[in-house]
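*Asks:* Sharing a structure below in structure tokens format, with a few things to ask.
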Amino acid sequence: MAEAQLRHIRIAELDRTHNVRRSLGDLSELVASIRSVGVLTPVTVIPKASGDGWRLVAGHRRTAAAEEVGLETVPALVHTAADASERLLATLVENLQRLDLDPVEEASGYRSLVDAGWAQAEVARRVGRSRAHVSRRLRILTLPAEVQAMVSEGAVTVEHAYTLSQLVGKEVPAEEVTVAAKSDPEYAARKLLEVETDERLEHRRRKLERGGVTVVVAKRLWQAKYDRRVGWMNLDGEHSTEPCHMVVLHLGDYGITAVDETAVCTDVPATKRTGTLRSSSAQPVRRPMRSVRGARSGKRSAGRRRRSAWLRRKRSPAA
């Protein structure tokens, strides 16, 4: 690496936009020191790619304090273009290893490294984090600006922010994501579950329709509004060739995310055709009420356990 040159550079010529920190903090003591003895430690700069100025790599607080004092120039160590990339990356890594960065500042630093051509795995290795940690932090930057500010201020936790970023990935409008950010974290988890369930229903609908099946989607089976006397669950394979055959896609009775298919007949008299029912009676087989209640209770418990496990996975802390 070539030796840096020391020179005084006009503050107006410095590009200060590439700073990991979103806030410079309290500058009062630094301002007083510079007013008394000047800038003792040079800032670090590299040439801008456009050739019309300098990019400030290190010394953002010193530069801001010098500007507040009224100085027009600051001492700077100028590194050559050949050293620019390496110097910038080294400074970013140094800043990211600090413990006082907020999640959005940390994510911005990772983004700068990725934009410089580093893979997420390499970024994680250089800063001593897991790849999952880096990936989750980067997803924070997909959130609306208002929500990012809430994350920086601590009003939204990192875990909540990750769930919200998944909503963004599902193309949920920014307004709805912001509403979810201002609500209880459970609201965001439920919203994500709803969106993912709708995706599953839509995927299954398209698959069936490609096979020539008439499909209606109903979140719950009873919402399809077909007479249960038809004996839906008793329709055999032969009925699928009838014009009155249709499939209702719905959520399972006890599973919050399970998608079930139920074959229905849209023409009650048609179910009396030979071979369209597995039994001669469309009446359901009756079981003792005690066994029915026991089975239902078991299914409800299993459904609650699946839902609790799903929510725990969605709200698990970032790696």
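The values are calculated or read from the model by the stated rules, or taken from the named source; none is laboratory data. Only a predicted model underlies this, so the values are computations on that prediction, with no experimental measurement involved. Heads up, the Cβs are rebuilt from the backbone with ideal geometry, glycines too, and the neighbour counts pull from every protein chain shown.
*Asks:* The conditions are (1) part of a helix (DSSP H, G or I); (2) charged (D, E, K, R); (3) surrounded by fewer than 17 Cβ atoms within 10 Å (Cβ to Cβ), and Arg205 fails exactly one of them. Which is it?
*Replies:* (3)
*Asks:* Let me ask something additional. Would you check if Val158 is free of Cβ contacts under 8 Å to residues at least 24 places away in the same chain, over 10 Å from the mean Cα position of the chain (by Cα) and surrounded by 13 or more Cβ atoms within 10 Å (Cβ to Cβ)?
*Replies:* no
*Asks:* Still on this structure, I have one more. Quick one: count up the residues across the range 220-249 that are touching a helix residue (DSSP H, G or I) at 6+ places or on another chain (Cβ under 8 Å), modelled with pLDDT under 75 and either surrounded by fewer than 15 Cβ atoms within 10 Å (Cβ to Cβ) or closer than 21 Å to Glu196 by Cβ (or both).
*Replies:* 2
*Asks:* In this structure, does Gln148 turn out to be farther than 22 Å from Trp310 by Cα, of a type outside the set (Lys, Arg) and assigned to a helix (DSSP H, G or I)?
*Replies:* yes
*Asks:* Every residue in the range 32-79 that is surrounded by 14 or more Cβ atoms within 10 Å (Cβ to Cβ) and assigned to a loop (DSSP other than H, G, I, E, B), please.
*Replies:* Those that are surrounded by 14 or more Cβ atoms within 10 Å (Cβ to Cβ) and assigned to a loop (DSSP other than H, G, I, E, B): Val39, Pro42, Lys48, Gly53, Gly59, Leu71, His79.
*Asks:* Further question: So which residues in the range 110-145 are among the aliphatic types (A, V, I, L, M), touching a helix residue (DSSP H, G or I) at 6+ places or on another chain (Cβ under 8 Å) and not in a helix (DSSP H, G or I)?
*Replies:* Ala116, Leu141, Leu143
*Asks:* Restrict the check to the range 168-180 and report whether at least one residue is farther than 30 Å from Thr266 by Cα, surrounded by fewer than 16 Cβ atoms within 10 Å (Cβ to Cβ), modelled with pLDDT of 85 or more and in contact with a helix residue (DSSP H, G or I) (Cβ under 6 Å, 6 or more places away or on another chain).
*Replies:* Within the range 168-180 (the criterion being farther than 30 Å from Thr266 by Cα, surrounded by fewer than 16 Cβ atoms within 10 Å (Cβ to Cβ), modelled with pLDDT of 85 or more and in contact with a helix residue (DSSP H, G or I) (Cβ under 6 Å, 6 or more places away or on another chain)), the answer is yes, since at least one residue qualifies.
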